[in-house]
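Contents: one structure, followed by commentary.
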Amino acid sequence: MNTAVFYITDNGKKTALKISEKIECDVFDKESLKNIKFYFDNYDSLIFIMATGIVVRKIAEFLKSKKTDPAVIVCDDKGKFAISLLSGHIGGANEIAIKIAEILGGTPVITTSTDVNEKIAFDVFAKKNNLYIKNIENIKYVSGDIVNGKNVGLFSDVDIKGNIPKYIIENKKCESNVFITALKKDIDKRDVCLVPKKYILGIGCKKNTPFCNINNAVYDFLKNIDVKSIKAVTSIDLKKNEKGIIDFCNNENIDFITFTSKELEKVEGEFSKSDFVLKTTGVSNVCERSIKCFDENAVIIKNKTIYKGITLALGEIDFVCRF
């Protein structure tokens, strides 16, 4: 997480530098506030040592979504209070505010209802467990029911460990429900779907294969599996600059990891073979081997499948959610 700290006063500078001794960050003076949009767009968290009103006016026009907005924390220049102002859960502002208060010997100010009522927040749960929130706009219904003392249903396709709160009822429909599943699912307007990042997609393709071909092949290959469940796309390093694959990964916000032919060849196991692939890449199989190269414990659940100029395979990794 990259962090920017801004100050205005001399006392604010002292406080900012004290924070920088404990947290890796870039420290800026008041002149940088003139270009706050740059920092808002390029930093994961922003810490302002100044009045809350100044901060609100500075960032208001740049607010977009709780999915993408950076964490914003505001401190007074004496470090008495650390206020979690924006993106308290997904952005991590609540945790940062607590950490800053510890550094400065101040008081963290947290106002999110689930936190002050000491209840589970499923957006925080999702972040900690590497779950993609499919319909984040419905989190408010689930959190509202929890805070108001109602039960919430929980349905999961993955193992869950830890102590599940008594107001979270497994496998029983409630007014609001949470589904943890890697499968495509239609859900009611008060429900939330959390998608576990449990699959690795191995890919090989001919040079300059268009994005649309790759996109169509992947969606056909996955069928009822949600593309948001893909943790990483893997291939050989010869494809590290393949525009079609890169565009697909950027479009879906998936990491693209490549390996050398020597690394792929070292992977143990039985894989389908292609003389053409061996001749062009130096290894007889790319899509399946790259999955095992990413995670040797991954289980290939869909073997090499051939589309026009594209080969795909799917691996599954162990996945457990913890309360």
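Summary of computed values
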item: Antiparallel content of DSSP bridges confined to segment 199-321, in %, to 5; result: 60 percent
item: Segment 122-196 shape via C-alpha gyration tensor axes, a/c threshold 1.5; result: rounded
item: For THR311, residues with placed amide H under 5 Å, excluding near neighbours; result: GLY204, CYS205
item: Cα gyration tensor category, rounded, prolate or oblate, for segment 3-111 with a/c compared to 1.5; result: oblate
item: Space enclosed by the convex hull of the alpha-carbon atoms of the chain, per residue, Å³; result: 162 Å³
item: Helix-derived mean residue ellipticity, 222 nm - over the chain, DSSP H n ≥ 4, -39500 (n - 2.57), to 500; result: -8500 deg cm²/dmol
item: Residue of ARG57, ARG289, ARG190 that the Gaussian network model of the chain assigns the largest fluctuation, springs spanning Cα pairs under 10 Å; result: ARG57
item: Cα-based Rg of segment 183-262 normalised by 2.2 N^0.38 Å, two decimals; result: 1.21
item: Centre separation in Å (Cα based) which lies between segment 174-193 and segment 87-139; result: 22 Å
item: Long-range HN-HN contacts of PHE81 with modeled amide H, under 5 Å; result: ASP76, THR107
item: Beta bridges by DSSP in the chain, antiparallel share as percent, to the nearest 5; result: 35 percent
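Each reported figure results from applying straightforward, stated rules to the coordinates on display, with no laboratory input. Quick caveat, the model's predicted, so the values are computed rather than measured.
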